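In what follows, a structure is listed as structure tokens, so that the remarks can point back to it.
Just so it is clear, none of the values below were taken in a lab; they were calculated from the coordinates. The model shown is predicted, which means the values in this text are computed figures rather than measured ones. Neighbour counts are summed over all protein chains in view; Cβ atoms, including those assigned to glycine, are modelled from backbone coordinates with ideal geometry.
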Amino acid sequence: MNTRTLSPTRLVLALLTAGLLGGAGATYVAGGSARAEAPVSATVAGSTAQPLILQGTPDFSKITDRYGPAVVNISVSGVRHTSAEGEEVAAARGLPPGIDPDDPFFEFFRRFQGQGGGRPERSQPVRGQGSGFVVSADGLILTNAHVVRDASEVIVKLTDRREFKARVLGSDPKTDVAVLKIDAKDLPTVPLGSARDLKVGEWVLAIGSPFGFENSVSAGVVSAKGRSLPDDSFVPFIQTDVAVNPGNSGGPLFNSRGEVVGINSQIYSQSGGYQGLSFAIPIELATQVKDQIVATGKASHARLGVSVQEVNQTLADSFQLDKPEGALVSSVEAGGPADKAGLKPGDVIRQANGQRIVASGDLPALIGQSAPGSQMTLEVWRQGQTETLTAKLGDASDKKAQVAQAPDGVGQGKLGLALRPLQPQEKRQSGVSTGLVVEDVGGPAALAGVQPGDLLMAVNGTPVQSVDQVRAAVAKSAKSVALLIRRDGDTIFVPVRLG
């Protein structure tokens, strides 16, 4: 079976379980081996500066010998209820072979390519492999939630070839962490370190079962920390260039001292295989989830009740920010924690509990790691001034939460917009009492992505209900404005550069 090569614009967030779905053939990836050597420092003739990089190749053999036996191979089997669209539709939508339409990998594509189908569901046998590691001598094992998803039977194989039937104590899809238990004693374990202490450029080591090749070792460096990915808003991932492939999921990421600092979870790829971008869940977060699962059988996460978006330079100019940082609030859940704390669409959250929010993804990660009911102090930029708000966080599992869109409006002039007020019938149908309907669009607004039929709610965070209000708001802006647009029930700030 050939592996489909995706176009460069179609980057794929691939879960790393090596799975064989419904009898589909396994994809075998062959490649040449290459020796990885540490870079040798270079000094300029006559320079007295000390080399920043020590010569020599790092040796991970002691870590492998000592802690390799605590890394396990996990085999799962079960039944997955999936759409009848099957492999043909998956391939037609640019998915690698072996990915069924109910896989999270498929869901990542559906977000950008639209939904299809409407066909009846069917039951499909599922088999897969992953990795894990022993954290207690009596048989507690950490792995990824997606490794044991839909599993009716989980078999854990140790390096001494003993096999055990494992119980899934709990699984948390929001962080992709699962806890298994096997009935055994005196098992080898791994020491847990700190992802917070990791430095970018530091050597790290992965042990796992890529493509079923058990206890395989690969090494690399930390490329970045605190990465947020499209489908994992609660996880501030560790990015590395360690060779990680399907089957490595759930395996440990070690630092050079032999301490586990993360759980290998995902890769970013154009082909479904390793291409130099690997992501691991910080061990502090995994341990927090593990402790909750062991104690209660489930993990709980906090909720603020807002939708946020990235602040680019145009939006920063529109909101008079000194730099493009923070989490821009685009909508607030009615009656939710943020609403009760006084947060509004157009606010830019710059700090949470004293921690700086640089990218919008920093905020969900902080909230998700907090306990429901805890207090969070927010530093907010609003209308050119800094305000401090305190929110009591809710529970992310609360299904009653509904997002209320901002009750405001947006407008015209240099923007290239033709606007009109909402008609009474439109107000009843949309459930929105204010705002201006975009009748026609051209110029800067069209280039920014505003479309006829959009509802303009606010300019630079200021609600508008008439064209005159829009003109006044735009007149105060020199280079750009931020339009709060409602489309198909969603709201988002659209940055527009003026003339």
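Just need the relative contact order of the range 417-497 here, percent rounded to a whole number, with Cα pairs under 8 Å and 6+ apart. Normalised by residue count, the contact order of the range 417-497 is 26 percent.
Measuring against 18 Å, Cα to Cα, the residue pairs Lys199/Lys323; Lys174/Lys298; Lys165/Lys298; Lys340/Lys427; Lys199/Lys225; Lys290/Lys392 contain Lys199/Lys323; Lys165/Lys298; Lys340/Lys427; Lys290/Lys392 as the ones spanning a longer distance. Please work out the C-alpha center-to-center distance from the range 135-211 to the range 443-460 and express it in whole Å. Answer, in whole Å: 49. Ordering of 197-207, 309-319 by packing is 309-319, 197-207, highest average first (other Cβ atoms within 10 Å, averaged per residue). Taken over the Cα atoms of the range 302-402, the convex hull encloses 82 Å³ per residue. Taking label points 7 Å from Cα along the Cα-to-Cβ direction, Ser123 and Lys427 give a separation of 5.4 nm. Taking a Cβ cut-off of under 12 Å around Gly68, the surrounding Lys, Arg, Asp and Glu residues balance to a net charge of -1, with basic ones at +1 and acidic ones at -1. Here Ala224 and Gln355 are evaluated by their C-beta separation; at R0 = 22 Å the FRET efficiency comes out at 0.80. One chain, two ends: Arg420 and Arg497. Fully extended at 0.36 nm per residue, the span grows by 25.5 nm beyond their Cα-Cα distance. Of interest is the spacing of the C-alpha centroids, which for the range 301-346 and the range 351-398 amounts to 10 Å. When the alpha carbon gyration tensor of the range 417-497 is reduced to an equivalent ellipsoid, its three semi-axes come out at 20, 13, 11 angstrom, largest first.
Here each label is just a point 7 Å from Cα along the line to Cβ, and for Arg471 and Ser77 those points are 7.5 nm apart. Placing a pseudo-label 7 Å from each Cα along the Cα-to-Cβ vector at Lys298 and Arg161 gives an inter-label distance of 4.3 nm.
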